[in-house]
Amino acid sequence: MTRSLSDWLAYQERTHPRDIALGLDRVRAVWTAMGAPRPAPLVVTVGGTNGKGSTVALVEGMLRAAGYRVGCYTSPHLVRYNERIRLDGRDADDAALVASFERIERARGDIAQTYFEFGTLAAIDLMSRASLDVAILEVGLGGRLDAVNLVDADVAVITTIDLDHQDWLGGDRDSIGREKAGIARPGRPAIVGERQPPDGLLTALAAHGARLVRAGIDYRVEPAGGDGDAAWTWVHADGTRHALPLPALDAPVQLDNAATAIAAVHALVPRVVVPTAALRHALAAVRVPGRLQRIGEHPTTVVDVGHNPQAARALAAWIDAEHRDGRLLAVYGALSDKDTKGVMAALGDRVDHWYLAGLDGDTPRGLAGPALADSLAVVLPHAAHAVFDDVASAWAGARSAAGEGDTVLLFGSFFVASAALAATT
């Protein structure tokens, strides 16, 4: 009997004893058995600590606005697994995913694959059959040993480097940067979106022989200079200039993501040409679920997937830029491998009341509410807070306490964002 998509996903969770098993040998063997398909003639791989999903969506939007057929692979998903693979703007349907998993199963024999490796192979397989011009692949964890690194990228993008997944990638920015540099290829562009990247990243990229393209050096953001409705100008060292509107994506950090996305598109020239009009269209149109996404008005309710201190600092910048009159009520949940104290410290007294949501019922990696309260007591000992078993009850508590002009922010994990979005769809 043919398995359904949900059957296949449950099966994949059982076929490997670990959620994460970095290394390319097993997944490469299966990919080779499938004929080593390339997802598209041109491939952009996007790695980094934060900003990957927004950068992928912006690159996709810019290329599609210029008339190119584009495939995207991102993870994790928020509501439906199908979100992970987009083919020319549409999520892969159940039948296509099931057919791909069946092909992977035939090819793998007795070679175990993780849930993520199944998904990566399916993305490559489906993209290779979709007559695409460009494939954009988001790295799941790290870079050098991530399954996405099977594919040689024409352009590698590294958005930011900060502390996350230290158990896998190393305990400092240099170590993490070296791991993420592994997606670069000799002689090909490597876009670095951070203005002050760690030396470990730059040294590793040089060792790989990549052609470095750095924010603030090879491309930069300038004031618009009175160009009609433009708010800023993207400027490349080769003299290319684009006068552009601000991104529709909220938060000040999205301007850096937009500049990095344009640098990635520019690196594809002359094989791909994207005019200024297409860039402008994409900046005005692209929105990404779970990135400061407004999901309610009374009270104002915003959901964000930010889950590490760097992301929390970006949230803090957004809060400061909003100049709110009312209170900020934060529904916060986290996984056990996250720096909860660093996240809480980054937001500090911007949060008027914390609603701490346990995620231990959603995943074995989830922290219980009391553990979050312990972290809060260390960082912000006088912070007002309440502890709840799950996201739904924490959100209900925040809603009932919110008054006119208050904002409820749900953040800290894809599990938090998923619960919020699933409840509103």
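If you check Arg271, Arg220, Arg280, Arg211 for being charged (D, E, K, R), surrounded by fewer than 19 Cβ atoms within 10 Å (Cβ to Cβ) and more than 25 Å from the chain's Cα centre (by Cα), only one passes: Arg271.
Okay, residues lined up against (1) more than 22 Å from the chain's Cα centre (by Cα); (2) surrounded by 23 or more Cβ atoms within 10 Å (Cβ to Cβ):
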| site | (1), (2) |
| --- | --- |
| Val79 | no, no |
| Glu83 | no, no |
| Arg90 | no, no |
| Ala95 | yes, no |
| Phe101 | yes, no |
| Arg106 | yes, no |
| Asp110 | yes, no |
| Glu117 | no, yes |
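Within segment 291-345, the only residue that satisfies the criterion of being over 21 Å from Ala398 (Cβ atoms) and among the hydroxyl-bearing types (Ser, Thr, Tyr) is Ser336. Looking at segment 381-399, can you tell me whether even one residue there is surrounded by 18 or more Cβ atoms within 10 Å (Cβ to Cβ), touching a Lys or Arg at 6+ places or on another chain (Cβ under 7 Å) and closer than 20 Å to Leu315 by Cβ? Checked against the condition, which is being surrounded by 18 or more Cβ atoms within 10 Å (Cβ to Cβ), touching a Lys or Arg at 6+ places or on another chain (Cβ under 7 Å) and closer than 20 Å to Leu315 by Cβ, segment 381-399 yields no hits at all. Being surrounded by fewer than 16 Cβ atoms within 10 Å (Cβ to Cβ) and assigned by TED's automatic domain parsing to the domain that holds Lys52 is a property that does not hold for Ala263. Looking at Ala107, Ala112, just one residue is small (Gly, Ala, Ser) and modelled with pLDDT of 95 or more, and that residue is Ala107.
This table checks each residue for (1) under 29 Å from Thr159 (Cα atoms); (2) basic (Lys, Arg); (3) within 23 Å of the chain's Cα centre (by Cα).
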| residue | (1), (2), (3) |
| --- | --- |
| Gly333 | yes, no, yes |
| Ala346 | yes, no, yes |
| Arg350 | yes, yes, no |
| Arg365 | yes, yes, yes |
| Pro381 | no, no, no |
| Arg399 | no, yes, no |
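For beta carbons closer than 8 Å, sequence separation of 6+ or different chains, a first residue in segment 96-115 that is over 14 Å from Asp25 (Cβ atoms) and a second that is among the acidic types (Asp, Glu) and not in a helix (DSSP H, G or I), the qualifying pairs are Tyr115/Asp19.
Here Gly142 clears all of (1) surrounded by fewer than 19 Cβ atoms within 10 Å (Cβ to Cβ); (2) under 21 Å from Ala311 (Cβ atoms) except the condition numbered (1). When we screen His266, His236, His281 for residues that are without any contact (Cβ under 8 Å) to a residue 40 or more places away in the chain and under 22 Å from Val134 (Cβ atoms), the only hit is His236.
Selection of segment 46-99 for residues being at positive phi and not charged (D, E, K, R) yields Gly48, Gly51, Gly67, Gly89. Taking segment 380-425 on its own, how many of its residues are at positive phi and touching a Phe, Trp or Tyr at 6+ places or on another chain (Cβ under 8 Å)? Adding up the residues that qualify gives 1.
In segment 42-57, is there at least one residue being modelled with pLDDT of 95 or more and either more than 26 Å from Arg173 (Cβ to Cβ) or surrounded by fewer than 23 Cβ atoms within 10 Å (Cβ to Cβ) (or both)? Taking every residue of segment 42-57 in turn, at least one turns out to be modelled with pLDDT of 95 or more and either more than 26 Å from Arg173 (Cβ to Cβ) or surrounded by fewer than 23 Cβ atoms within 10 Å (Cβ to Cβ) (or both). Restricting attention to segment 293-304, the residues that are surrounded by 22 or more Cβ atoms within 10 Å (Cβ to Cβ) and either on the phi > 0 side of the Ramachandran plot or not aliphatic (A, V, I, L, M) (or both) total 2.
Residues in segment 115-135 that are in contact with a Gly (Cβ under 7 Å, 6 or more places away or on another chain) and at pLDDT 95 or above: Met127, Ala130, Leu132, Ala135.
Given the condition in the same structural domain as Ala392 (by TED's automatic domain parsing) and polar (S, T, N, Q), answer yes or no: does some residue in segment 269-292 qualify? There is no residue in segment 269-292 that is in the same structural domain as Ala392 (by TED's automatic domain parsing) and polar (S, T, N, Q).
The values are calculated or read from the model by the stated rules, or taken from the named source; none is laboratory data. What you see is a predicted model; the values in this text were computed from it and never measured. Note that we place each Cβ from the backbone using ideal geometry, even for glycine, and neighbour counts take in every protein chain shown.
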